[in-house]
Amino acid sequence: MIKKVHHIGIAVNNLQESVALFEKLLGVKAHIEGAPCQKVTEAVFKIGGGVEIDLLEPMGPDSTVAKFLEKRGEGLHHIALEVDDIDNDLKAMEKKGIQLIDREGREGVAGKIGFLHPKSANGVLIELVQPRKEGE
Ligand code: CMX
C-alpha cells in the first residue's frame, strides 16, 4: 500500500554546483552519500514531512542516470513512493497492468526498492521504497 512520497530524484551534471543551488533554494543542508548499487552519488535534502529531495550525479558513463542526462538533460528523474510490503506491492501493480522494471524488491540505500516503467506512468519513472527498519 502506498503511504506517502518518500523522495523526488533529480538528475544533475555537477553535484557540487547543484548542492549549492538547492541549499540556497530549500534552506537546508544536504547529506552526501554514494549509492554504488545505482551507480550514483546522491545529495539528500530532508525537506520536512518525511520527504526528501535527492540530487543524483552519475558515478560513470555506464550509470542509467548518465544515459538519462545525455538523452534528456538535467531535471526530474523519478518519484519514489513509500510502501509497506514491496514484493506484494509490485505484484499488485503488475496485476493492475503496470509494466515493472523489477519484479521484486532489491537492496537500495534507503531499504528495498523496485521500479515501475515510465512507459506505464505517462513518462514518469516511479520507484517503490520499503524503508529499512531501525537496526536492519
Ligand atoms: N524518466 C522518464 N523516462 C525515462 C527515464 C526516466 N528516468 N529514463 C529513461 N526514460 C525513457 C527514455 O527517454 C526512453 O524513452 P523513448 O523510448 O521515448 O526514447 C525510454 O525510457 C527508454 O530509455 P533508454 O534510455 O533506452 O533506457 P533503458 O530502456 O535502457 O532504461 C529504464 C530505462 C527506465 C528502464 C532504466 O533507466 C532503469 O532501469 N531505471 C531504474 C533504475 C534507476 O533509474 N536508477 C537510478 C538511481 C535511482 C535512485 O538513486 O534512487
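The values are calculated or read from the model by the stated rules, or taken from the named source; none is laboratory data. No experiment lies behind these values; they were computed from the predicted model shown. For neighbour counting, all protein chains shown are included, and Cβ atoms are generated from backbone atoms with ideal geometry for every residue, glycine included. Accessible surface is based on the protein model in full, side chains and every heavy atom, while ligands, DNA and RNA are left aside. Shrake-Rupley method; radii C 1.70, N 1.55, O 1.52, S 1.80 Å.
Things worth noting here:
- Test: residue in the stretch 82-97 that is of a type in the set (A, V, I, L, M, F, W, C) and closer than 24 Å to residue 12 by Cβ: no
- Index of the failed condition, residue 9 passing every other in (1) more than 10 Å from the ligand (Cβ to nearest atom); (2) within 20 Å of residue 125 (Cβ to Cβ): (1)
- Conditions (1) of a type outside the set (Val, Ile, Thr); (2) surrounded by fewer than 18 Cβ atoms within 10 Å (Cβ to Cβ); (3) touching a Pro at 6+ places or on another chain (Cβ under 7 Å); number of the one not met by residue 119: (3)
- Only one of 4, 71, 67 that is touching a residue at least 24 places away in the same chain (Cβ under 8 Å), open to solvent by 30 Å² or more (accessible area, probe 1.4 Å) and either within 14 Å of the ligand (Cβ to nearest atom) or in contact with a Leu (Cβ under 9 Å, 6 or more places away or on another chain) (or both): 4
- Filtering 46, 29 for residues that are within 21 Å of residue 128 (Cβ to Cβ), open to solvent by 30 Å² or more (accessible area, probe 1.4 Å) and more than 9 Å from the ligand (Cβ to nearest atom) leaves a single hit, 46.
- Condition met for residue 9 (under 19 Å from residue 119 (Cα atoms) and loosely packed, with under 15 Cβ neighbours inside 10 Å): no
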